[in-house]
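I have placed the structure first, in the form of structure tokens, so that the comments after it can refer back to it.
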Amino acid sequence: MTQANKKSLGEREFEKSIVKYLQKNPEFFSREPELLADILLPHERGTAISLVERQVAVLRQQKDELKKQLHLLVQNSKNNEKLSDKVNLFIIALLGAPNFIEFLDIISSQLVKDFKADSVVLRLFQSQFKNTKAESIIQTREEFVDWSEPVLGAFEKVIKGRQPVCGNLKKGQLDSLFETQADDVSSAALIPLIDNSDSHICYGMLAIASKDRNHFHAEMGTLFLSHLGKIVAILLQQYR
């Protein structure tokens, strides 16, 4: 090992000891304030600035970041409040439905109107409504389907997962849900209507579609959509 390498190694060890000392004694520069003005640090523009100037710049940057985060939190809070109001109005509208037919119509119309959806499709499994109050309209409403394999298999993962999925749906799912309008759907949210009781009955699927491929995506949160699905599932029980 050369003398230069030995010196370099010694310098690194010395620097480490300085770092450890300053970490253990953060008040050091308070006792020696004149050193702050003498310490120079490289700057992005190529000029040297004092440690005090660097600290001021860092603090200013941190302040700007905090302001951005605060603005984002406030904006999210306002958006969540608006969303909560819309959900409450949706529930009130469903509770005010005089009959099952009106109930079904409200689901689609209200979601399109208040949640800016390009298309909303409700599909209810006939098997869950046979021998119930709704049996008389099963054959007259397009919402009721008697899916069998392989159609039902396209939704098996969503039903078993009991959670909404968002993004680009598979072709089989799009064709079964939106039929002739499937080509107009660029992204969608697929919500299983799961009974919240121990039985975990799935009454069907609620699909909300958009022509914007980025409106619904796999990384987005699904808490609101899950809540929406549970609301519809719970209120469906009154017609069984």
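A few notes on this one:
- At full extension, Glu27 and Gln237 could sit 68.9 nm farther apart than now, given 0.36 nm per residue minus the alpha carbon distance.
- Cα centroid separation - the stretch 82-121 against the stretch 122-138, whole Å: 20 Å
- Annotation: amide H-H contacts under 5 Å for Gly204 (H modelled 1.01 Å from N, sequence separation of 5 or more, or interchain): Phe125, Leu193.
- Local net charge near Ile92, Cβ-Cβ under 13 Å (Lys/Arg +1, Asp/Glu -1): -1
- Per-residue Cβ neighbour counts within 10 Å put Phe155, Phe224, Phe14 in the sequence Phe14, Phe224, Phe155, beginning with the fewest.
- In the stretch 96-239, Cα pairs under 8 Å separated by at least six residues give a relative contact order of 25 percent.
- Taking each residue as 0.36 nm, the span from Ile201 to Thr180 lengthens on full extension beyond its C-alpha to C-alpha distance by 4.7 nm.
- Taking a ≥ b ≥ c as the square roots of the eigenvalues of the Cα gyration tensor, the stretch 96-239 is rounded, since a/c falls below 1.5.
- Sorted by Cβ neighbour density within 10 Å, fewest at the top, the residues Met220, Met205: Met220, Met205
- Packing rank of 165-171, 117-123, where each peptide gets the mean count of other beta carbons within 10 Å, highest leading: 117-123, 165-171
- Cross-link partners of Lys230 among aspartates and glutamates, defined as those whose alpha carbon lies under 12 angstrom from its own and excluding same-chain residues fewer than eight positions apart: Asp195.
- Those lysines that a straight Cα-Cα span of less than 21 Å connects to Lys16, excepting residues fewer than 8 apart in one chain: Lys6, Lys7, Lys24
- Cβ crowding within 10 Å ranks His215, His200 as His200, His215, fewest other Cβ atoms first.
Taken together, the values in this text are just the output of simple stated rules run on the coordinates, not laboratory data. Note that this is a predicted model, so its numbers are computed, not measured. Glycine gets a Cβ as well: all are built from the backbone with ideal geometry, and neighbour counts include every protein chain shown.
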